[in-house]
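Engineer: Input: one structure, supplied below.
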Amino acid sequence: MADILSLKESVLVYLDRSGGLKKLCENCKHFNGTQQTEAVYRFCISVNPADVLELDPVLGDCVLHDPLKATALFQSVCFLAIKTLSLIEKIHMESQVNVILKFTHLPPFPEYTLDLSSFPRLCRPLRPVSMEGLVIAMTRVTKYTQGARFLCTDDDCPCSTGFHHIRVHAPGATESATVRNDFSCMMCSSQLKEDVKFRVLGDKQLVELIHVKALDVLRGHEQSSMRYQSVTLFLRDELCNSMRIGRYYRVLGIPAHVHQWSNITWSVEANSVQPWEPVCDCKVSARFQELLKGTASSPWRFSAIVAHCFGLDVAPLGLYDTLKLSLLLSLVQTRIDEKDTFHNLDLLVVTTDTLILDRLMTYSLSLAYRGIRHQATGEMFACLSRDEHGAGTANIHAGSVLLATGGVCLLGDLSYYRKDKLDSIKSGNEFMETRTLSVFIPGKKYGEDADQQLSFPVQCSFWAVTDSSRRSGRADCGALGAAEMGAVPAQLADAFGLVIECRDRVGEQALLAQTVHTLQHAVQSGKPHDPPCWEFSTEDYQELVAHAQRLQVELSPAAEKIIHGYYMASRRVRSQGHGVNMSVASIKLLISLAEAHCKLCLRTQVLEQDAVIAVLLCESSVSLKHGASALIIPPDPVFPCDLGDVDGLCKRDAALDELHQLILRFIYTNAPGADTYITEE
């Protein structure tokens, strides 16, 4: 008894020092403002385990290893404080005070960490643990019973009135453990009956969390024997809607075994939830730093060499350089910033050789912050199932789009998609434009009175390939310069920001080079073939992309003038000559491309040269969709010549300078008011 009193004294001292008593008084004012008398009154108390251990090691040990006992101690002290200070007159019994201990953190030791990839789901102490993972599914918010009042059916029993029998939800308890009709009176053993008007309801939501490495299985690489299983979290009251599908979180919670009929389910009662991101190395390798110094004389060369030497395990030097550059630009631009604003760069590749390009895009996916390879037969958006934990509500499972949040969703070859799949993407392609995904939940099927429609933000970039040899029969592909999009409808092609056509400049020589490259890698795996002047590993590119993503860039006045001038000139020319409306999405694409090229070059200010690359890629993309315009550019304007040596780099610089002047003349001739900011020279 003396030990209990000593612990309660420590609890009182801690509440006084931490401001818990002051917060308790403020919460009591809220309850006094209502006329209704409730069975229980809920109070959340913030607990810092380090401060408690410093104050009283025994109490600290109780908080960390026996949270139910610690909760009872805090409950007793809070009840005494409420009665002594006359904070709430409607509270008569200690059991009416429902205390929830909210941990600020846990000690950084393995005993308090739960690894979702290797934890044993066996009987273990009921104590708080920390875990990190990815949300892959969640239910709608439903109701549960926080507390209920029961009265004895024997009128002569003292428990037939008052608040002697109060049942409160405990971690791991089901609804039937709190409310049912077979409870007995502790004094006379008569049957208890609930006083329904005193029942207190709260909000409840179920979330499925899985280890972050489970996404490696969905990148499309070699299959592993590793299997991952999700864990179910119970979010209650203020924690509801604190998590989003496709996001990483650190969760403090108490594991529990939920007994339901003949089954026992292992789950976690969440105590606190915080957004979390995996730690990654963002330092640029010494090789790239040396290359950056060596190419400082030209604003074009660093990105050109980085793209030229990219993906040599898949394609030989000199092939698909424009595609490689576009993939790298999409990788560095795809991110969620500090204001939760998503930046994306979608990419559609038109080719007759989808196999090699699909491999190149799969290889590039390994560099993404998060990469998901969507299977043509899999679920792209979201699917519904009935919750298995007794609520019977709808459980929303993430498809590839939501799982790729913050990264890249590789759709693969669209030619392999069934017509109904393409039609569903076509009819729902507004999610690529509005960046919102709607999920319809039929009410009758999932125990609700009314249907409901939920919206989820789409925060990923899309990569796709289409086989141009499969004729689509489009009427507009006959325009001069327009490309055949294969099985992709025109409406869906327009939804992709950037369209790249991979055509072989040297025909049979390119096919021979690719064949030799593939055979050499098959026979002599792991050995470099035709080594370039600059050699970079996959780890070098991963570090480069991670570092470039985090750069904060701003547009220079010169770059802004070129982007604005090109947009206005192209809008006038194409609306008059082709009847094509250049939407606001075009200027967003131009800015994204310019910023991405600036980041890839490891700069913080977008230069005029970055804007030129953006204009060339954008003009080439629009021409593939709708035909050529008055701005006549070569078929592959960003890489007009081979980069095999220094002379090739010099020729490319000269060609880009000429195209720069060509763009300025186009703006000066066609953009309204261009003569005010572009001189005729």
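Engineer: Residue pairs, Cβ under 8 Å, 6 or more apart or interchain, first in segment 184-195 and over 17 Å from residue 39 (Cα atoms) and in contact (Cβ under 8 Å) with a residue 24 or more places away in the chain, second among the aliphatic types (A, V, I, L, M) and open to solvent by 90 Å² or more (accessible area, probe 1.4 Å). List them.
Structural biologist: none
Engineer: (1) within 30 Å of residue 38 (Cα to Cα); (2) modelled with pLDDT of 90 or more: which one isn't true of residue 138, the others all being true?
Structural biologist: (1)
Engineer: Could you grab me the full set of residues in segment 65-89 that are under 29 Å from residue 172 (Cα atoms) and not in a helix (DSSP H, G or I)?
Structural biologist: Within segment 65-89, 66 is the sole residue that qualifies.
Engineer: Scan 328, 360, 345 and give me the residue that is under 30 Å from residue 133 (Cα atoms), under 22 Å from the mean Cα position of the chain (by Cα) and not in a loop (DSSP other than H, G, I, E, B).
Structural biologist: 328
Engineer: So, in segment 165-200, exactly how many residues are of a type outside the set (D, E, K, R) and either assigned to a helix (DSSP H, G or I) or farther than 23 Å from residue 155 by Cα (or both)?
Structural biologist: 13
Engineer: Tally up the residues in segment 290-309 that are surrounded by fewer than 18 Cβ atoms within 10 Å (Cβ to Cβ) and assigned to a loop (DSSP other than H, G, I, E, B), please.
Structural biologist: Of the residues in that region, 3 qualify.
Engineer: For the condition out of contact with any strand residue (DSSP E or B) (no Cβ under 6 Å at 6 or more places or on another chain), open to solvent by less than 50 Å² (accessible area, probe 1.4 Å) and among the hydrophobic types (A, V, I, L, M, F, W, C), what is the one hit in 53, 68, 12, 7?
Structural biologist: Matching residue, one of 53, 68, 12, 7: 7.
Engineer: Restricting segment 55-71 to residues that are of a type outside the set (Val, Ile, Thr) and over 39 Å from the mean Cα position of the chain (by Cα), which is nearest to residue 126 (Cα to Cα)?
Structural biologist: Residue satisfying both the conditions and the ranking: 59.
Engineer: To continue, here is another question. Considering each of 334, 362, 393 in turn, give the residue that is farther than 22 Å from residue 489 by Cβ, surrounded by 24 or more Cβ atoms within 10 Å (Cβ to Cβ) and of a type outside the set (A, V, I, L, M).
Structural biologist: It is 334.
Engineer: Among what's in segment 539-587 and is modelled with pLDDT under 90 and of a type in the set (S, T, N, Q), pick the residue that is most open to solvent (accessible area, probe 1.4 Å).
Structural biologist: Checking each candidate, the answer is 576.
Engineer: Counting just the residues of segment 89-107 that are open to solvent by 40 Å² or more (accessible area, probe 1.4 Å) and over 26 Å from the mean Cα position of the chain (by Cα), which one comes out nearest to residue 273 (Cα to Cα)?
Structural biologist: Filtering first and then ranking leaves 100.
Engineer: For residue 143, indicate whether it is open to solvent by 60 Å² or more (accessible area, probe 1.4 Å) and part of a strand (DSSP E or B).
Structural biologist: Judged against the criteria, residue 143 is a match.
Engineer: With the condition kept exactly as written, say whether any residue in segment 435-448 is open to solvent by 10 Å² or more (accessible area, probe 1.4 Å), farther than 19 Å from residue 621 by Cβ, at pLDDT below 85 and acidic (Asp, Glu).
Structural biologist: Scanning segment 435-448, I find at least one residue that is open to solvent by 10 Å² or more (accessible area, probe 1.4 Å), farther than 19 Å from residue 621 by Cβ, at pLDDT below 85 and acidic (Asp, Glu), so the answer is yes.
Engineer: In segment 396-410, which residue that is out of contact with any Leu (no Cβ under 7 Å at 6 or more places or on another chain) and in a strand (DSSP E or B) is surrounded by the fewest Cβ atoms within 10 Å (Cβ to Cβ)?
Structural biologist: Filtering segment 396-410 for residues that are out of contact with any Leu (no Cβ under 7 Å at 6 or more places or on another chain) and in a strand (DSSP E or B), the one surrounded by the fewest Cβ atoms within 10 Å (Cβ to Cβ) comes out as 397.
The values are calculated or read from the model by the stated rules, or taken from the named source; none is laboratory data. What you see is a predicted model, and the numbers here were worked out from it, not measured in a lab. Glycine gets a Cβ as well: all are built from the backbone with ideal geometry, and neighbour counts include every protein chain shown. Keep in mind that these areas ignore ligands, DNA and RNA; they rest on the heavy atoms of the full protein, side chains included. Shrake-Rupley method; radii C 1.70, N 1.55, O 1.52, S 1.80 Å.
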